[in-house]
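The values are calculated or read from the model by the stated rules, or taken from the named source; none is laboratory data. A quick note: this is a predicted structure, and the numbers were derived from the prediction, not measured. Note that each Cβ is placed from the backbone with ideal geometry, even for glycine, and that neighbours are counted across all protein chains shown. Just so you know, the surface numbers come from the protein's heavy atoms only, side chains and all, with ligands and any DNA or RNA stripped out. Shrake-Rupley method; radii C 1.70, N 1.55, O 1.52, S 1.80 Å.
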Amino acid sequence: MNVLYYSREELRSDVNMLDDVRDEREEIDDEERFKYSDNSDKNETGENCETGVLLHTDIENRTENNLPNGEHKCQRNLKSKVYTDCKDTNIKVKYITTDVTNEAEKDMDTGWAWAVLLASFGTSCIIGGALYTIGIIQAILLDLFNGDVSTTSLVGALHTSLISITGPVSSAMTDRFSCRVAIVLSGFLYLAGYLGTAFAPNIEVAILTCGVISGLAGGLAYTANMVIISFYFKRRRHLALGISSSGLGIGLFIFAPTLQFLRDYYGPRGVFILMAGVFLHIVLFGVICVPSRFELVTQQRRNNIYKQVTEISMCVLIKSYIQTLFNKGIFCYCISTFSLCLGVYVMYMFYPEFIIDKGYTAYEAANLISISGICNVIGRILSGIMVNFKRVNGIVLFSLTLFIVAIATWFYVMFSDYYVAHVIYFVLLGLFIGPSAVLQTNVSLKFIPVDNISQAIGLQLSFAGVGAIIGPVLAGMFVDRGGSYEHVLITAAVFVFLGGVASFVTVCFKQIDNESQEILVKS
């Protein structure tokens, strides 16, 4: 006998979307809104199934079996279900579900999942190479076009911010098509962006090619690359996320000294031509990311609703995003990522110039930044392992890492005349800035069901993108007007600290259990 378990959040999401559809058509009698009927009177074992169970408006009453101590459990002996509006015959939505435990999750944590993890790691390496070496790329663009700092910093600001801002676009693409489509498309956009930059006649064109086009490519790949792990791993999800996102640190470790070498050997334009070829490998990694059964089931759940109401599906989708945003936990993490990225991207944008200003060479600056890359890998993997332990609170760990980065930056500015201070700082920076990306999915799943994780991550990345574009541009204007790099880094650290505060307050909010499809609620 196959028993299906429907989470309270999943049921709420589906009914809310159907409520939205109904509201667009006409008001109906509040006494009987939806009728629940079976596709068949018998299940696959030939046993009779109960039919005609009324679903009331109150979500707490959408239950069948009373349990002890006033608890209820939603469960059915069915392979499928149909929601039909009793009064409006024009709306008939068929919502097929499968036995999640025995069917959709069968290929999770095994087999091809490890090939997908390898592809995800490779994609992260390439994205990290552009994301965290933006300060070196800015120095190359300054050398190529001889522009002012504020205008040139707009390239890096757009590049890093669009990686985050386009999160909802990537989320919508993964929901409508697949993670693989988003990743493959990003590889071709990277190719166009960097080749365009190599032949750009001025900084304005570079803003479009390197800033906008390459930034859009990064956004498509980054979000889909995180979401695909959630579709392929369950028991080892946190560890897999740690391994995948550690590629960002590996990319930083490899790209930082390599870009400096290529700049000296091939010139500024040659750097972008070679980068275009390297980033085209994302297409290969994307092809490997075949949609899992769990991803296909999730798409089916959404598409079965959207296909029936195509004329208002966009309205339903927008309302779904709004509902996710107004989840208290997700909203706080949106604010946290905004503040965090405003500070962090300012730091990485101006680290090379700050180190050179202290009397060190460009090669020494690149090597110091690469140190943070390899430590970033260690930090991500360790955090992925730690969060698997039940006694480790992912929210506290997330906040603690941000506090440490902020405090270390303040001390770094004070003792930056000593080379050993640079080394110690970049070791600490790598160890504690990396885990924030690993823990992002973990802490989000404490407040929303896994079906909505792409929406939550997309929203958080959008807030992060706004911070990423505001911070570097304002810092560049400050430097052009005679401001010091010390003050820029100190201010950036303040915003990182505030990001830790915004995330820490979520420990007070109610959390859900995504480890089981079965949910128990008090009546």
Extension length gain for Lys328 and Leu400 (0.36 nm per residue less Cα distance), in nm, is 23.9 nm
On the accessible surface of the stretch 139-181, probed at 1.4 Å with all protein chains in place, carbon and sulfur together account for a percent value of 60 percent
Descending packing, highest mean Cβ count within 10 Å first, for 206-217, 401-412, 259-270, 343-354 is 343-354, 206-217, 401-412, 259-270
Residue-normalised value, i.e. accessible area per residue, for the stretch 135-271 at 1.4 Å probe, in Å², stands at 32 Å²
Long-range amide H partners of Phe509, meaning residues 5 or more apart or on another chain whose placed amide H is closer than 5 Å, are none
For the stretch 385-484, dividing by residue count, accessible area per residue (probe 1.4 Å) in Å² works out to 38 Å²
On each of the three principal axes the extent of the alpha-carbon atoms of the stretch 223-300, given in whole Å and largest first, is 50, 23, 15
The summed charge of the Cys332 Cβ neighbourhood (under 15 Å; Lys/Arg +1, Asp/Glu -1) stands at +3
Largest-first ranking of Met108, Met386 by accessible area, probe 1.4 Å, whole protein assembly kept, is Met386, Met108
Expressed to one decimal in nm², the mean projection of the alpha carbon convex hull of the stretch 354-402 is 4.1 nm²
If each K or R counts +1 and each D or E counts -1, the residues other than Ile355 whose Cβ falls under 13 Å of its Cβ total -4
Measuring from its Cα centre, the stretch 378-523 shows a charge dipole (+1 at each Lys and Arg Cβ, -1 at each Asp and Glu Cβ) which, in debye to the nearest 20, is 300 debye
Length-normalised contact order of the stretch 322-437, Cα under 8 Å, at least 6 apart, in percent, tallies to 34 percent
Mean shadow area (nm²) of the C-alpha convex hull around the stretch 127-278 is 8.5 nm²
If unit charges are put on Cβ atoms (+1 for Lys and Arg, -1 for Asp and Glu) and the dipole of the stretch 341-429 is taken about its Cα centre, the option from Asn376, Ala362, Tyr418 lying farthest towards the positive end turns out to be Asn376
Carbon and sulfur atoms account, in whole percent of the 1.4 Å probe accessible area of the stretch 413-523, for 70 percent
Set Lys234/Lys328; Lys390/Lys446; Lys234/Lys446; Lys328/Lys446; Lys328/Lys510, cut-off 18 Å on Cα-Cα distance; pairs above it are Lys234/Lys328
